[in-house]
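What follows is calculated from the coordinates using simple rules that are stated; it is not laboratory data. Quick caveat, the model's predicted, so the values are computed rather than measured. A quick note on method: Cβ atoms are made from the backbone with ideal geometry, for glycine too, and the neighbour counts reach across all protein chains shown.
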Amino acid sequence: MTAQTVQQGDLVTVIGLEVHVQLETDTKIFCGCSTDQTDEPNENVCPVCLGLPGALPVLNEGAVEAAVKIGKAIDADIPEETRFHRKNYYYPDLPKNFQITQYDEPICADGDLEISVEGERRTVTIERAHLEEDPGSLQHVGGGGGIDSADYTLVNYNRAGTPLMEVVTAPDFRSPGEVRAFLAELEEVLEYLGVFDAERDGSLRIDANLSIIPEDEIESDDVTEIGEEALAAANRTEVKNISSHKGAEKALAYEETRQKNAIQRGRAVEQETRHWDESRGITVSMRSKEEEKDYRYFEEADLPPLRVSHWKDEISIPELPSARRERFQDEYTLSEEAASKLTSTKQVADFYEDVAQEFDPDLAATWVADNLLGELNYRDMEITGIESRLDEVTRLVELVATDEITAKNARETVLRSMLDDGRTPDEVVAEEGLGKTGEDEVQQAVVEAIDENPDAVADYESGDDGAINFLVGQVMQKTGGSADPGDVNQLLRAELND
Ligand SMILES: [Zn+2]
């Protein structure tokens with residue numbers, strides 16, 4: 001693309017993704033080594049994943065099952081038969097000098113995933129999703145410590161052979177924010193399927209292609225359709241080393257600005273691979289990218305073709321986040337926002353349903369979506385961190401539902417104490433004296449407050465309605481804050497208007 005042709009008109013951002021998902025299996029994809037993340041380097045290795053001569057791969061059934069589940073969840077075509085290929089390249093993280101992957105017959109093709117962008121539903125096409133093995137990991141040591149500045153590099157093959165699903169989207173994204181929404185939805189689906197562990201280091205790794213195309217070169221009126229010609233004409237960069245939703249949004253926002261600036265200043269954008277440097281918040285130019293022909297793909301003769309047709313019927317998948325969101329809105333009459341929060345992970349959704357069925361759906365929504373998730377989020381915690389204490393949260397909701405403590409005390413004192421110092425709700429209520437004061441006691445305090453504050457009473461009686469607030473404060477003080485301020489207000493008025 002020459003700079004002269006793009007001076008006019010708006011610039012459109014076009015992004016496509018390759019998402020590498022580590023599948024949660026006990027053992028690696030082609031050998032029996034554990035997939036545990038261990039501190040000791042090169043501990044979980046064997047002749048197969050070290051690529052020693054003569055060692056033969058044996059396909060892990062669990063990885064295929066996970067792939068079929070993903071295929072069903074994204075409504076992809078799963079063929080009768082699928083094959084493995086060798087992708088050849090020379091790099092120290094790859095002991096065999098080739099990666100076993102899939103090429104022209106992937107296990108899933110032509111799927112899609114619906115996302116919500118600023119309240120609107122959009123469908124992202126997933127061109128393919130295929131199985132492959134993870135390479136080892138490199139650690140750059142000394143010097144500047146970076147990929148391009150270290151003194152030397154160590155290699156660890158513990159990760160080599162971990163099963164991966166590579167999910168490839170069409171260039172359907174028009175902004176970094178859409179990419180973030182897609183990754184969040186994809187991660188939710190994977191967690192619901194039980195094939196993925198988000199807590200694991202490096203479990204989701206993203207490569208993104210980004211190009212900037214002048215609006216007047218786009219062939220269709222529909223901005224989501226760019227057209228082959230315009231896409232082929234644009235130079236694109238591939239951004240590697242992205243490992244989170246937030247990272248993806250930041251890296252792509254940086255790259256979008258960098259390319260737009262270059263174009264607006266009349267400079268050409270290089271077609272290249274760039275590395276996202278998370279700590280510096282920038283992308284840097286890397287080795288020039290291999291083209292497909294450089295990989296010399298050929299069929300993996302050590303693995304026979306895999307018949308998957310019968311698995312499609314045998315493997316079932318659970319209710320997915322989008323379906324559960326809709327059901328929550330219908331069944332519990334929740335807003336879309338509340339339903340989204342409550343289905344953000346399977347565990348949150350399961351917990352909400354437990355509480356909603358025991359008490360009241362609205363009360364459960366307030367407690368799980370607002371109070372619990374809000375306080376956890378404030379502490380940078382996930383619900384998995386209090387998995388063993390969910391019964392205590394249920395007990396706290398019960399204390400509110402049965403009117404034993406006020407909602408304010410439950411939220412502001414009991415829940416926070418539970419999370420900060422590990423006490424149970426009953427302990428906090430007893431130790432902080434939060435049990436609701438009996439009606440007689442409140443009535444007694446009302447009478448006392450009126451007797452002790454004749455000036456405020458006189459003000460109220462002469463029409464100063466604000467004076468009631470002073471009296472409410474006095475009663476709250478006498479009852480140690482455990483009375484309901486609304487009730488106190490009514491009791492005072494009843495007493496004064498007698
Ligand atoms: Zn092994």
Relative to the chain, whose Cα atoms define the longest principal axis, helix 245-264 and its Cα axis are tilted in degrees, nearest 10, by 60
In degrees between 0 and 90, to the nearest 10, how far off the longest principal axis of the chain does helix 485-496 point, with axes built from Cα atoms? 20
In nm, give the distance between the simple-model label positions of D104 and A198, each being 7 Å from the Cα along the Cα-to-Cβ direction. 3.9
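Quick check: residue separation of R327 and I282 times 0.36 nm, minus the Cα distance between them. What number comes out in nm?
On the way: separation 45, 0.36 × 45 = 16.20 nm, distance 4.18 nm.
Extra length available between R327 and I282 comes to 12.0 nm.
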Straight-line reach from K72: which lysines have a Cα under 23 Å away, not including same-chain ones fewer than 8 places off? K28, K312, K346
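Let's see if you can work this out: charge +1 on each Lys and Arg Cβ, -1 on each Asp and Glu Cβ, no other charges. What is the dipole magnitude of segment 245-303 about its Cα centre, in debye to the nearest 20? If you can, show how the numbers build up before the last one.
Numbers: 12 positive and 14 negative charges, 135 e Å.
I would put it at about 640 debye.
FRET efficiency for V117 and E337, Cβ-Cβ distance as r, R0 = 22 Å, nearest 0.05? Kindly include the intermediate steps, with their values, before the conclusion.
Details: r = 15 Å, r/R0 = 0.67.
Computed FRET efficiency for V117 and E337 comes out at 0.90.
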What nm distance separates the two modelled labels at S34 and S149, each placed 7 Å from Cα along Cα→Cβ? 3.7
Do the sum for the chain: with -39,500 (n - 2.57) for every DSSP H run of n ≥ 4, divided by all residues, what is the mean residue ellipticity at 222 nm, to the nearest 500 deg cm²/dmol? -10500 deg cm²/dmol
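Apply 1/(1 + (r/R0)^6) to the Cβ-Cβ distance of L496 and I317, taking R0 = 60 Å, and write down the FRET efficiency to the nearest 0.05. Don't skip to the end; give the middle numbers.
Numbers: r = 64 Å, r/R0 = 1.07.
Calculated value: 0.40.
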Would you mind computing, in nm to one decimal, how far apart the modelled labels at E299 and A458 are, each placed 7 Å from Cα along Cα→Cβ? 10.4
Dipole magnitude of the chain, debye to nearest 20 (Cβ charges: Lys/Arg +1, Asp/Glu -1, about Cα centre): 2680
Here the FRET efficiency for S137 versus D391, based on Cβ atoms and R0 = 45 Å and rounded to 0.05, is 0.70
Within segment 154-186, list the residues whose amide N lies under 19 Å from a label point set 7 Å along Cα→Cβ of E228. 169-172
Acute angle (nearest 10 degrees) that the helix 346-358 long axis makes with the longest principal axis of the chain, alpha-carbon atoms: 30
Nearby lysines by direct alpha-carbon distance to K478 (threshold 19 angstrom, same-chain neighbours under 8 apart not counted): K408, K436
